[in-house]
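Enquirer: Before anything else, here's the structure in question.
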Amino acid sequence: MTDKERSIRKIISSKNRPHLDFSLKTKTEKFTDNLFYTLFDANACVAKNIEQLELDFDEIYKLACKVDVEACSNIWASFLSELPEILENLNLDAQELVNSDPASNNIEEVYLAYPGFFAIAIYRLSHKLHLLKTPLIPRLMSEYAHSKTGTDIHPGATIGKSFFIDHATGTVIGETCFIKDHVKIYQGVTLGALQVSKELKNVKRHPTVEENVTIYANATILGGKTVIGKNSIIGGNVWITESIPENSLVYHKAETRLKQNKNK
């Protein structure tokens, strides 16, 4: 046996998951894009696309779950029945962006160009599949949106209606977050856990954000028992690990000094 043959044999024997098929990842990304275009592209034939999406879902489901393939048709049927309501909620999200962002000119701009809207759309679609206990696919969908927008929303998070993310980049929303209606979040916000431990897998680790809260850029809010009370405004760059009463204004007091160089 040559050195080359020995290396190949060793690589093959050391593969931890020899049956892992990476085409699942690219096929899920294609499925995700087609799903988005079916809902928002005026040129998309919805009936034709739904037929193709069903075939694509069947294919990626079998790649994701080589054992329990019988549940696939039931999951797709349940997901399809929920799609009209998901679209209604996404239209509310888009309208919230139009109403709240002074830079937006119309709703078409939001659908086409806002990374925050794309991230929310893929979250709402993947969240439904997550609730239907679909293996792997929701996580791959959310990571695809993460790679395109810089926004990391776990499909297990619970997010209410008329959700707003502006600029999107750097936003992190953890698995057990609970966000109520009409919440606005800006870039760099983290809604995370106080600590990371495998024993906390089934524990609420991420904050609750109540209605009509605005969280400005780079704020960090941590902990499963942390509740941001309704109608509160959280300023940029704050660090919060305890609950905030409703109607609060929380801000970071920074000191910026200016000193002129008198030698010039």
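Enquirer: Counting only residues that are over 16 Å from residue 125 (Cβ atoms) and either of a type in the set (Ser, Thr, Tyr) or in contact (Cβ under 8 Å) with a residue 24 or more places away in the chain (or both), how many does the stretch 72-92 have?
Expert: Total satisfying the criteria: 1.
Enquirer: Within the stretch 217-229, restricting attention to residues that are buried (at least 21 other Cβ atoms within 10 Å of the Cβ) and within 18 Å of the chain's Cα centre (by Cα), which residue is nearest to residue 201 (Cα to Cα)?
Expert: Among those residues, the one meeting the criterion is 221.
Enquirer: When you scan the stretch 95-103, do you find a residue that is among the small types (Gly, Ala, Ser), outside any helix (DSSP H, G or I) and loosely packed, with under 14 Cβ neighbours inside 10 Å, even just one?
Expert: Yes, the stretch 95-103 has at least one match.
Yes/no matrix, rows are residues, columns are (1) part of a helix (DSSP H, G or I); (2) surrounded by 23 or more Cβ atoms within 10 Å (Cβ to Cβ); (3) of a type in the set (A, V, I, L, M):
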site	(1), (2), (3)
112	yes, no, yes
120	yes, yes, yes
123	yes, yes, no
135	no, no, no
142	yes, yes, no
155	no, yes, no
161	no, no, no
188	no, no, no
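Enquirer: Since residue 22 meets every condition but one in (1) surrounded by 13 or more Cβ atoms within 10 Å (Cβ to Cβ); (2) out of contact with any Cys (no Cβ under 7 Å at 6 or more places or on another chain), which condition does it not meet?
Expert: Unmet for residue 22, out of (1) surrounded by 13 or more Cβ atoms within 10 Å (Cβ to Cβ); (2) out of contact with any Cys (no Cβ under 7 Å at 6 or more places or on another chain): (1).
Enquirer: Sticking with this one: Restricting the search to the stretch 15-49, which residues are part of a helix (DSSP H, G or I), closer than 14 Å to residue 112 by Cα and without any contact (Cβ under 8 Å) to a residue 24 or more places away in the chain?
Expert: 33, 37, 38
Enquirer: Is there a residue being part of a loop (DSSP other than H, G, I, E, B), among the polar types (S, T, N, Q) and within 19 Å of residue 163 (Cβ to Cβ) anywhere in the stretch 237-258?
Expert: For the stretch 237-258, residues part of a loop (DSSP other than H, G, I, E, B), among the polar types (S, T, N, Q) and within 19 Å of residue 163 (Cβ to Cβ): absent.
Enquirer: Also, quick follow-up: Being open to solvent by 10 Å² or more (accessible area, probe 1.4 Å), of a type outside the set (S, T, N, Q) and under 21 Å from residue 241 (Cβ atoms) is the filter here; which residues of the stretch 175-186 pass it?
Expert: 175, 178, 180, 186, listed by residue number.
Enquirer: Here's another thing I want to ask about it. Here is a list: 75, 159. Which entry is hydrophobic (A, V, I, L, M, F, W, C) and touching a strand residue (DSSP E or B) at 6+ places or on another chain (Cβ under 9 Å)?
Expert: Answer to the selection: 159.
The values are calculated or read from the model by the stated rules, or taken from the named source; none is laboratory data. Just so it is clear, the structure is predicted and the values come from calculations on it, not from any experiment. Neighbour counts are summed over all protein chains in view; Cβ atoms, including those assigned to glycine, are modelled from backbone coordinates with ideal geometry. Only protein heavy atoms, including side chains, enter the accessible area calculation; ligands, DNA and RNA are left aside. Shrake-Rupley method; radii C 1.70, N 1.55, O 1.52, S 1.80 Å.
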